[in-house]
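Report on one structure; see the data block that follows.
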Amino acid sequence: MTDLLTVSDLHKDFGGVRAVDGVSFTVRAGETLGLVGESGCGKSTTARLVTRLLEPTSGSVRFDGHEISRYPERKLRPLRRDLQIVFQDPIASLNPRHTAGTILAAPFRIQGVRPPGGLRAAVAELMARVGLNPEHYNRYPHEFSGGQRQRLGIARALALRPKLVVCDEPVSALDASVQAQVVNLLADLRDEYGLSYLFVAHDMAVVRHLSDRVAVMYLGRIVELADRDTLYAAPRHPYTRALLSAVPVPDPALRGRRERVLLRGDPPAAGEAAVGCRFRGRCPRYRDDLDDTQRERCATEDPQLSSDPSGAVACHFPGH
Amino acid sequence: MPVETTPPADPLLSVRDLRVQFPTDDGLVRAVDGLSFDVAPGEIVGVVGESGSGKSVTGQAILGLLRRTRARVTGEIRFDGRDLVTAPEAELRRLRGAELAMVFQDPLSALHPYYTVGSQVSEAYRVHNRVSKRAARERAVQMLDRVGIPEPHRRYGAYPHEFSGGMRQRVMIAMALVCTPRLLIADEPTTALDVTVQAQILELLGDLRDEFGSAVLLVTHDLGVVAETCDSVVVMYAGQCVEQAGVEDLFARPQAPYTWGLLGSMPRVDRDRRDRLAPIGGQPPSLLAIPPGCAFEPRCGYHEEVPESRCVDERPALVHDGQGRAVRCHLTAGQRLTLRPVAP
Ligand SMILES: Nc1ncnc2c1ncn2[C@@H]1O[C@H](COP(=O)(O)OP(=O)(O)OP(=O)(O)O)[C@@H](O)[C@H]1O
Ligand SMILES: Nc1ncnc2c1ncn2[C@@H]1O[C@H](COP(=O)(O)OP(=O)(O)OP(=O)(O)O)[C@@H](O)[C@H]1O
Ligand code: SF4
Ligand code: SF4
Ligand SMILES: [Mg+2]
Ligand SMILES: [Mg+2]
């Protein structure tokens, strides 16, 4: 598989706050890479950097052969055809004064694309494809339900058959029954059009459902990246383990029988540079399993993401 | 309207045919539409249902918070023998805080920004207990310690904005439990929190129930949270209870087609991955025009199993089996047994 998106040592500072602090990953053609982590760890900032809605402080973003990290908008515009984003909050990302038809025609207009059967037919087809009634062409966003609005956002992103769609929590605001409809839609569209997704979410179950590989972020860094099945079956970073064990499981028979790694404290907010491992303060392994020499290493040396055949992990003493 | 059969004996809270209607410019919003369920003393009851199904409004009605609004509240809310729907305001005020307490989703909006967290907890205690300021302060520090605020003596004087979301939620819980209420209504207390913090708060709620014996009505939309925390569950759809059961029963032997749909639509980390999820098609009905028959009928894949289009014409009654289990569906018990989808 070829790499469609390659991100290297990406940084974004807001004032002194290091929201993204040295992130590297690739998304291969046809692949879905999941990106998970707790609130404030830098997922949305990463999503906005790779779609160049934000300019990175430093680092490189290579998309489809172009180094786009410093591209001006003029040079980005033609690439936007192939690089799209879907947001969590469909109502905030859709112009309330535009009808569904106008919203979905915009990508064609902006890119100067004339669909063979005419714009109106292309929009109607698009609506049908994402499960919206084409007769609702003249409806405004507020006249659709939450799930329908999210379909509208997806349709807009897919209008020109992009290569990569960055999905920033596209189903987080939806109820379970509707969420499943939209998740299935995303999977179908991917299979049909050969799309690649960078799929950002905090719901570990949804990410597992859609992703081929999964990256786990903590405080502006990727701390583990592995194949889906490997990551969920045998997480190696202490944070990944804690995160997975905290997911509530809808099976009362397992209550009290699952191994729980309870983290103390809250996820810290992104901040200044720190010495040593940034997870140290909450790390159960540091707290319970390490001797003083090992702890010393965690306290002084910032663990880097290092790869081996089973994935990549940023911890001095990972599990196996 | 079919008559509902009798529930089990001696509940702490007994809600019967509760209706809450909001007159609006578009018409009458039937937010709660004939809701019935019970909470036993010391029991943690989960209330689940999709957005707009009436979970929060139910909590507000129990606490009497809708009284000075345009909402019309009818039916019965029996708490320890008293009917809260008709109780005088003075009595409700006395009960609120002392015997009935509430924790909301967003603790920042419920905590006063200009008072220290400690003084808010001790004030909550002094409203219902004739004690000195010093005694109340001691009690507050004790509660802050109990809910896991580190260095409670020092943090007593901190302001809400100095706390993280998880710590604020702990303060809210301390405030709600400081008078050891008999019923705590917790409306999505962890929805705004990260899963690792959610796990801490849910564990705390369980521990506190064991320690103080408070019953908890835990409103959530997360069936995982219910499975890990609750003793029994009320499943709501369009303002009605469609199923109530003990937690193990509900997950092992769900009876209502809506519950089947909810359970089937969830991706789960504890099961093998499937290629496709099984969503419930369509959307919940508008509360301005709830179908006259079964509210779930337009989305239900089983209505053809019921003869004479009863699902369309006749609202099913909530039928109790006398063992704490209740279902609202026209399917017969035998049909439900054979039609229930097997878990993947
Ligand atoms: N425009 C901005 N100005 C200042 N700080 C920002 C800005 N955008 C994000 N941040 C900060 O950067 C950090 C990362 O934020 P980001 O939105 O990327 O997190 P996230 O992982 O998407 O979180 P969530 O799960 O809550 O969406 C946070 O500490 C946030 O407060
Ligand atoms: N003051 C009000 N006036 C009119 N309608 C209202 C009012 N309060 C609530 N509603 C409506 O009542 C219905 C039930 O609302 P409620 O807040 O109880 O839902 P919920 O189950 O708590 O949903 P969520 O999961 O989104 O919190 C909704 O359709 C809501 O719009
Ligand atoms: S490097 Fe040390 S502190 Fe950091 S995650 Fe690994 S064991 Fe924990
Ligand atoms: S009463 Fe009919 S429509 Fe309603 S849930 Fe039962 S089978 Fe489905
Ligand atoms: Mg985000
Ligand atoms: Mg609510």
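Okay, here's what the table says:
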read-out	value
The range B:142-157, residues that are away from chain A (no Cβ under 14 Å) and open to solvent by 10 Å² or more (accessible area, probe 1.4 Å)	B:Gln142, B:Asp145, B:Arg146, B:Pro152, B:His153, B:Arg154, B:Tyr156, B:Gly157
Strands (runs of 3 or more DSSP E) enclosed by the range A:28-147 - at least 2 residues per element that are touching a Gly at 6+ places or on another chain (Cβ under 6 Å), farther than 24 Å from A:Lys12 by Cα and aromatic (Phe, Trp, Tyr)	none
Test: residue in the range A:209-226 that is assigned to a helix (DSSP H, G or I), at the interface with chain B (Cβ under 10 Å from one of its Cβ atoms) and touching a residue at least 12 places away in the same chain (Cβ under 8 Å)	yes
Test: residue in the range A:267-274 that is more than 9 Å from chain B (Cβ to nearest Cβ), surrounded by 16 or more Cβ atoms within 10 Å (Cβ to Cβ) and either touching a residue at least 60 places away in the same chain (Cβ under 8 Å) or near ligand 3 (Cβ under 10 Å from one of its atoms) (or both)	yes
Residue ID - nearest to ligand 3 (Cβ to nearest atom), chosen from residues in the range B:182-227 that are acidic (Asp, Glu) and under 15 Å from the mean Cα position of the chain (by Cα)	B:Asp222
Count of residues meeting criterion [more than 8 Å from every other protein chain (Cβ to nearest Cβ) and assigned to a helix (DSSP H, G or I)] in the range A:230-244	7
Extreme residue, farthest from A:Asp89 (Cα to Cα), among residues of the range A:136-145 that are at pLDDT below 90 and open to solvent by 50 Å² or more (accessible area, probe 1.4 Å)	A:Glu143
Positions within the range A:148-191 being assigned to a helix (DSSP H, G or I) and away from chain B (no Cβ under 14 Å), in sequence order	A:Leu152, A:Gly153, A:Ile154, A:Ala155, A:Arg156, A:Ala157, A:Leu158
For B:Val171: the one exception among (1) aliphatic (A, V, I, L, M); (2) open to solvent by less than 40 Å² (accessible area, probe 1.4 Å); (3) within 16 Å of ligand 5 (Cβ to nearest atom); (4) touching a residue at least 24 places away in the same chain (Cβ under 8 Å)	(3)
Those strands (runs of 3 or more DSSP E) lying entirely in the range B:20-110 with at least 3 residues away from ligand 1 (no atom under 16 Å from the Cβ) and either charged (D, E, K, R) or surrounded by fewer than 20 Cβ atoms within 10 Å (Cβ to Cβ) (or both)	B:27-39, B:72-79
Among residues of the range B:83-106, those that are more than 17 Å from B:Glu123 (Cα to Cα) and under 20 Å from the mean Cα position of the chain (by Cα), counted	7
Selection within the range A:45-86 - open to solvent by 50 Å² or more (accessible area, probe 1.4 Å) and within 16 Å of ligand 5 (Cβ to nearest atom)	A:Arg48, A:Leu53
Pick from the range A:270-320, criterion outside any strand (DSSP E or B), among the acidic types (Asp, Glu) and more than 16 Å from ligand 1 (Cβ to nearest atom), ranking: nearest to the chain's Cα centre (by Cα)	A:Asp302
Subset of the range B:55-68 [touching a residue at least 40 places away in the same chain (Cβ under 8 Å) and touching a helix residue (DSSP H, G or I) at 6+ places or on another chain (Cβ under 9 Å)]	B:Leu63, B:Leu66
The range A:108-141, residues that are basic (Lys, Arg) and closer than 26 Å to A:Lys75 by Cα	A:Arg109, A:Arg114
Selection within the range A:196-217 - closer than 19 Å to A:Arg48 by Cα and at pLDDT below 95	A:Ala201, A:His202
Among (1) open to solvent by 10 Å² or more (accessible area, probe 1.4 Å); (2) under 25 Å from A:Ala29 (Cα atoms) - the single one A:Val261 does not satisfy	(2)
Positions within the range B:191-214 being open to solvent by 10 Å² or more (accessible area, probe 1.4 Å) and polar (S, T, N, Q), in sequence order	B:Thr191, B:Gln198, B:Gln200
Restricting the range A:245-258 to residues that are in a loop (DSSP other than H, G, I, E, B) and facing chain B (nearest Cβ under 7 Å), the residue that is surrounded by the fewest Cβ atoms within 10 Å (Cβ to Cβ)	A:Arg255
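The values are calculated or read from the model by the stated rules, or taken from the named source; none is laboratory data. Here the structure is a predicted model, which means the values were calculated and not measured. Note that each Cβ is placed from the backbone with ideal geometry, even for glycine, and that neighbours are counted across all protein chains shown. Areas reflect the complete protein model, heavy atoms only, side chains present, ligands, DNA and RNA absent. Shrake-Rupley method; radii C 1.70, N 1.55, O 1.52, S 1.80 Å.
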